[in-house]
Amino acid sequence: MTRIAYVNGRYVPHHEAAVHIEDRGYQFADGVYEVFFLHHGRLIGEQGHMDRLEHSLKELRIAWPMSRRAIGVVIREIARRNRVRDGFIYLQISRGVARRDHQFPKDVDSSLVLTGRRMPPLNKEELRQGVGVITIPDIRWKRHDIKSVSLLPNILGKQQAHEAGAYEAWMVNDQGMVTEGTLSNAWIVTQDGELVTHNVSHAILNGITRLTVLEAAAEAGIQFSERPFSVAEALAAKEAFVTSSTSHLKAVTSIDGQTVGNGHVGELTTRMLDLYVDFIENHGGPQNTSSWN
Ligand code: PDD
């Protein structure tokens with residue numbers, strides 16, 4: 001089967017898909033993206049991803065390349081043409097192609113690119129295996145709420161984690177607080193059983209998976225706190241996990257080589273994974289997607 005990508009109005013074979021060398025996404029990382037997750041043929045959190053995309057575009061003053069509705073059609077078409085029932089759709093919008101000048105170009109259409117990738121279906125057993133995270137300084141700019149394609153600190157952090165034999169790197173700000181992972185949101189369960197993740201602010205990307213897990217917790221009557229937590233608090237936590245559209249809800253069993261809790265996946269983490277999967281199967285994603293910063 002030939003993989004098909006979408007590039008500015010055309011469906012093209014993946015290996016031929018290309019943008020111009022003066023695309024501002026390529027030259028300046030002047031663009032935004034979203035990663036949509038498909039679960040058993042269902043697009044998860046579409047409204048949330050679209051609302052967040054709107055936020056990113058508005059904050060960077062990049063125009064929609066086409067209507068939200070039309071993008072929804074292209075997403076489904078890419079899923080269909082690539083036979084993605086379980087997997088991801090990657091969407092990227094850049095400010096467009098123009099002669100290289102830092103200021104915004106005039107009268108330029110933004111570029112739109114989509115790709116699809118099939119993955120094995122979400123596997124709870126695998127997600128319960130437990131992974132390690134390391135902590136690293138958060139060296140990013142100050143607008144993490146914008147899903148910008150400018151990801152150098154994130155890829156350096158993820159590479160560092162990989163070289164340390166860990167799954168993810170949790171980024172720590174100048175106050176010693178964990179903001180988030182390089183591609184996921186960070187969560188802990190304190191010794192008192194409090195479920196904690198960073199509050200929505202410019203310091204984090206408000207994950208669609210994060211919102212889903214919070215709504216699933218609320219629906220089940222589980223208390224949670226949206227607040228920053230320190231590295232010391234994370235090291236003393238009973239449980240920890242990460243969430244993202246690609247990681248789903250993955251248990252964390254070590255931080256900086258130190259065991260979390262008793263080293264086994266915690267009770268609340270297991271419960272939240274079950275609730276998360278039930279929630280997406282029942283509701284298709286978070287219902288309240290209006291708060292971006
Ligand atoms: N990353 N924080 C950061 C820095 C992220 O890059 C992501 C997503 C998240 C979680 O967001 P969501 O739950 O909406 O996927 C949090 C995507 C998956 C990526 O870059 O591949």
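The values are calculated or read from the model by the stated rules, or taken from the named source; none is laboratory data. It should be emphasised that the depicted structure is a prediction, and the values quoted were computed from it without experimental measurement. A quick note on method: Cβ atoms are made from the backbone with ideal geometry, for glycine too, and the neighbour counts reach across all protein chains shown.
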Give the residues of segment 120-166 that are part of a helix (DSSP H, G or I) and more than 16 Å from the chain's Cα centre (by Cα), sorted by residue number.
Lys124, Glu125, Glu126, Leu127, Leu156, Gln159, Gln160, Ala161, His162, Glu163
Residues (buried (at least 16 other Cβ atoms within 10 Å of the Cβ) and either under 18 Å from the mean Cα position of the chain (by Cα) or of a type in the set (Gly, Ala, Ser) (or both)) located in segment 219-235
Ala234
So Ser111 ticks every box in (1) under 21 Å from Thr246 (Cβ atoms); (2) touching a residue at least 60 places away in the same chain (Cβ under 8 Å); (3) surrounded by 19 or more Cβ atoms within 10 Å (Cβ to Cβ) but one. Which box is left unticked?
(1)
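Going through Thr259, Thr270 one at a time, which residue ends up being surrounded by fewer than 22 Cβ atoms within 10 Å (Cβ to Cβ), over 22 Å from the mean Cα position of the chain (by Cα) and of a type in the set (Ser, Thr, Tyr)? Talk me through it step by step, then tell me what you get.
Values: Thr270 fails: over 22 Å from the mean Cα position of the chain (by Cα).
Step by step, each of Thr259, Thr270 is checked, and only Thr259 is surrounded by fewer than 22 Cβ atoms within 10 Å (Cβ to Cβ), over 22 Å from the mean Cα position of the chain (by Cα) and of a type in the set (Ser, Thr, Tyr).
Has segment 209-218 got at least one residue that is closer than 18 Å to Trp170 by Cβ and surrounded by fewer than 15 Cβ atoms within 10 Å (Cβ to Cβ)?
The first filter runs over segment 209-218 and keeps only residues closer than 18 Å to Trp170 by Cβ, leaving 209-210, 213.
Next, from what is left, pick out any that are surrounded by fewer than 15 Cβ atoms within 10 Å (Cβ to Cβ): none.
The answer is no; no qualifying residue exists.
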For the structure I just gave you, tell me whether Ile44 is farther than 24 Å from Leu152 by Cα, touching a residue at least 24 places away in the same chain (Cβ under 8 Å) and surrounded by 15 or more Cβ atoms within 10 Å (Cβ to Cβ).
yes
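Check whether at least one residue in segment 102-110 is assigned to a strand (DSSP E or B) and either more than 22 Å from Ala17 (Cα to Cα) or within 14 Å of the ligand (Cβ to nearest atom) (or both), and report yes or no.
Within segment 102-110, the subset assigned to a strand (DSSP E or B) is none.
No - not one qualifying residue is present in segment 102-110.
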Out of Thr179, Thr197, sole residue that is within 15 Å of the ligand (Cβ to nearest atom), over 24 Å from Arg271 (Cβ atoms) and not assigned by TED's automatic domain parsing to the domain that holds Gly25
Thr179
Given the condition in contact (Cβ under 8 Å) with a residue 40 or more places away in the chain and of a type in the set (S, T, N, Q), answer yes or no: does some residue in segment 154-172 qualify?
no
Tell me yes or no: at least one residue of segment 38-54 is within 16 Å of the ligand (Cβ to nearest atom), in a strand (DSSP E or B), within 24 Å of Thr246 (Cα to Cα) and in contact with an Asp or Glu (Cβ under 7 Å, 6 or more places away or on another chain).
yes
Within segment 57-80, the residues that are of a type in the set (A, V, I, L, M) and without any contact (Cβ under 8 Å) to a residue 24 or more places away in the chain are Ala70, Val73
